[in-house]
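The values are calculated or read from the model by the stated rules, or taken from the named source; none is laboratory data. Because the structure is predicted, anything quoted here is derived from the model rather than measured. Neighbour counts run over all protein chains shown; Cβ positions are idealised from the backbone, glycine included.
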Amino acid sequence: MKNLSVSSISFSIMIIACMFVIAPSSLAAKVLKIGIVDCYSGPASTYTNDVRDGFKLEVKKINAAGGILGRKIEVFTRDSKFKVDLGLSAAKELIYRENVDIMMGTINSALALAISNLCKKEKVPFFVTFSKSAKITGAKGHRYVFSITENTAIAGKAAAAGLAKKPYKKYWIAGDDYEYGHAIADGVWSNLKKMQPGVELLGQSWWKVGEPDFTPYITAILSAKPDAVIIATGGRDNVPFLKAAKATGFNERVPFFMHTATELSTLKPLGLEAPEGVIGTSNYFFYYPETAANKSFVKNFEEAYNRKPAVGAVYGLLAAKFIFGAYKKAGKVDTEEFIDNVEGMWVNSPVGKITMRAYDHQAMLPMFMGVTKKVAGYDFLVATDIVTIPGKDVMPSIEEIKKARNQ
Amino acid sequence: MEFATNISLASLFQQVLVGLSRTTILFIVASGLSLVLGVLRIPNVAHGSLYMVGAFMTYTFASLFGQSALGFWLALTVAPLGVALISFLVERSLFCHLYEREHMMLLLFTFAFSLVIGDMVKLIWGSDYRSLTAPLFLQGSFSISGFPFPRYNLFLLMMGPLVAAGLWFLTNKTKIGKIARAAAVDREMVGAIGINVSGVFAAVFVIGCYLAGLGGALVAPTQNITQGMDHAIIIEAFLIVIIGGLGNIWGALLGALIFGLTDSIGILLLPQFAIVFPYMAVVIVLIFRPKGLLKSTW
């Protein structure tokens, strides 16, 4: 009998506990839930931390002013550790258990596509904040996915436009043997061939993601004597590659282009050890464009986090502006109406007025091409000779999107 | 398929040199793994994790001593010793009680150990990655017949033979080395003639782990020090030990040479498919010599 009473007590405790668990979720109707899955461990975090912090900065501001439509905003973050399976189960947990209203993430392209697929099925709007895969708003685009970052098609077009102005003829392509590496290489090369018909591809090398030693690749490329090299490395290999480039003097022997090479997230960890003369493309620098909007953004970000904002911070800010702006415009929390409102919407940002193209849900961001250089006053390299390429010039055309989607 | 057609002798020579410096790291790590495997009969899965700890400790000590040249050398000396100390404590407190148990227990223990270390590293150093700078005179590169060769790689090339010679001396000329070799062949007999086998095991385990730490310390300035560097190295180290012959440190040297050189030469000859070369070499070796190239101590 004694045992029975113990178990009945524990049973009732369980019921009470359950009530506590259930209670908050019924109250949860009064908050707006945003779920972010991204890689916060390892080298990729140099890019992703800024997205989260840029987004949270805006959330803090809105919450302090009473929230959106009377609701407080709650942000849930999960670490994908750059793994697709881990990230996808985190996304499922956020959607099914936390019932998030909006999903955001991630720097891993394969994971971004997987979450995009899940969000399409579950009808949850998904804002892609760092993946550069053109498939997200291209071939695999759908009603529930938005991209607020440039992609390989855009960067490829921008880079090709820049490289076509240079006298190089013989190229070599080298990069990470995965989705992003091949996509950015194809993006640059297919556009460059169109813009400058005389170019020749001497050869290609592909290494595994997380390659520990780039030196043999670099020496092998040099022995082929190309005029210029297109380096197609992604998130976690950019910094170690640049380190190896500096150690071997690669940058002094042959000019090379690396998308995102000029970004603060890439250059800051290297300090003055970064190689000079590397050609890169990026959506944002804290020192460019020199506008009042950018200066005040940098000031706010620095006050909050005690560091300069990198490109990710702008993606975070843009995500916040599109998401909360669309809710405000809709006047209620309704997914379908929310999406109708984001389509074609424009927001102000440190890089000017940014429009979300209605057809493919791709934000039209300007691209800045520059060259890495040591500049007095900074303990890291910065981009110089910056050329601005407007968003509308580098976006793939609607016809190209239709073709990619087999429409 | 595109073969690089204009390969000169100079570039081939250069590529061999670059491959040899990678070989050095692989050899140092794999020889430690092989030593422990040969004498203690334990496939130490945590070996790669100790390599990672070695790299992180080098970073910490180097920053502690103020990123100077002296600090770098001190860190390079102290960090592997730190790894050795950790392995000593673990061996004496936990590991030594398991020798009598089944083999599977030991394997599981080292696996658990690797997970614990992985999380400890994350707790202590965080998930950010670290970057360590070599002293000024080891930075940059010099030219060998027109091709750049990083100074630091030359330093690695000198370290390789040094470690190999040290290991040769240890196993052939010292008492503990001789006992360890005997224990590898027949540990019961060694115990029967009154030698403290447990003590020998501890010493061998610590030396093996020291080599993992040394590998990590030496590799630290050439790459990002980050989580996950343990997984990459442990797979390669095991492959090297397997093709070399289990427990044979000269087999580890041979295996590391095959692995490092097929990698770098493959990159030169067929860059698009370079990733497969070392693994192809492993497969070919195992087809013809399933027990490895040199005599296994098992």
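Tabulated results
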| item | result |
| --- | --- |
| Qualifying position, being more than 13 Å from A:Y284 (Cα to Cα) and in a loop (DSSP other than H, G, I, E, B), among A:V375, A:V371 | A:V375 |
| Unique match (being assigned to a loop (DSSP other than H, G, I, E, B) and loosely packed, with under 15 Cβ neighbours inside 10 Å) among A:V333, A:V387 | A:V333 |
| For A:G105: the one exception among (1) crowded, with 20+ Cβ neighbours inside 10 Å; (2) within 14 Å of another protein chain (Cβ to nearest Cβ) | (2) |
| Lone unmet requirement of (1) surrounded by 21 or more Cβ atoms within 10 Å (Cβ to Cβ); (2) more than 30 Å from A:N238 (Cα to Cα); (3) of a type in the set (S, T, Y) for B:S198 | (1) |
| Of the criteria (1) crowded, with 20+ Cβ neighbours inside 10 Å; (2) within 14 Å of another protein chain (Cβ to nearest Cβ); (3) of a type in the set (G, A, S), which one A:G138 fails | (2) |
| First in segment B:252-268 and within 14 Å of another protein chain (Cβ to nearest Cβ), second anywhere and outside any helix (DSSP H, G or I), Cβ under 7 Å, 6 or more apart | B:I267/A:S205; B:L268/B:A4; B:L268/B:I7 |
| Some residue of segment A:187-206 being under 22 Å from A:A274 (Cα atoms), touching a Leu at 6+ places or on another chain (Cβ under 7 Å) and away from every other protein chain (no Cβ under 12 Å) | no |
| Matching option when the condition is hydrophobic (A, V, I, L, M, F, W, C), surrounded by fewer than 24 Cβ atoms within 10 Å (Cβ to Cβ), in a helix (DSSP H, G or I) and more than 14 Å from chain A (Cβ to nearest Cβ), among B:L20, B:L107, B:L37, B:L123 | B:L107 |
| Scan of segment A:225-248 for residues that are modelled with pLDDT of 90 or more, outside any helix (DSSP H, G or I) and not β-branched (V, I, T), ordered by number | A:K225, A:P226, A:D227, A:A228, A:A232 |
| Sole residue being within 14 Å of chain A (Cβ to nearest Cβ) and at pLDDT 90 or above, chosen from B:L218, B:L167 | B:L218 |
| A:F301 being at pLDDT 90 or above and either more than 25 Å from A:T48 (Cβ to Cβ) or touching a Ser or Thr at 6+ places or on another chain (Cβ under 9 Å) (or both) | no |
| Scan of segment A:249-262 for residues that are in a loop (DSSP other than H, G, I, E, B) and either β-branched (V, I, T) or within 29 Å of the chain's Cα centre (by Cα) (or both), ordered by number | A:V254, A:P255, A:H259, A:T260, A:A261, A:T262 |
| Residues that are free of Cβ contacts under 8 Å to residues at least 12 places away in the same chain and either within 15 Å of B:I249 (Cβ to Cβ) or not hydrophobic (A, V, I, L, M, F, W, C) (or both), drawn from segment B:152-180 | B:P161, B:L162, B:A165, B:G166, B:W168, B:F169, B:N172, B:K173, B:T174, B:K175, B:G177, B:K178 |
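A quick yes/no check of all residues on (1) touching a Gly at 6+ places or on another chain (Cβ under 9 Å); (2) farther than 14 Å from A:I323 by Cα; (3) aromatic (F, W, Y):
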residue	(1), (2), (3)
A:G42	yes, yes, no
A:Y47	yes, yes, yes
A:G54	yes, no, no
A:I62	no, no, no
A:I68	no, no, no
A:V84	no, yes, no
A:G87	yes, yes, no
A:I95	yes, yes, no
A:L118	no, yes, no
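Residue-wise test of (1) of a type in the set (S, T, Y); (2) crowded, with 21+ Cβ neighbours inside 10 Å.
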| position | (1), (2) |
| --- | --- |
| A:A158 | no, yes |
| A:K165 | no, no |
| A:V188 | no, yes |
| A:L201 | no, no |
| A:Y217 | yes, yes |
| A:A232 | no, yes |
| A:R236 | no, yes |
| A:H259 | no, yes |
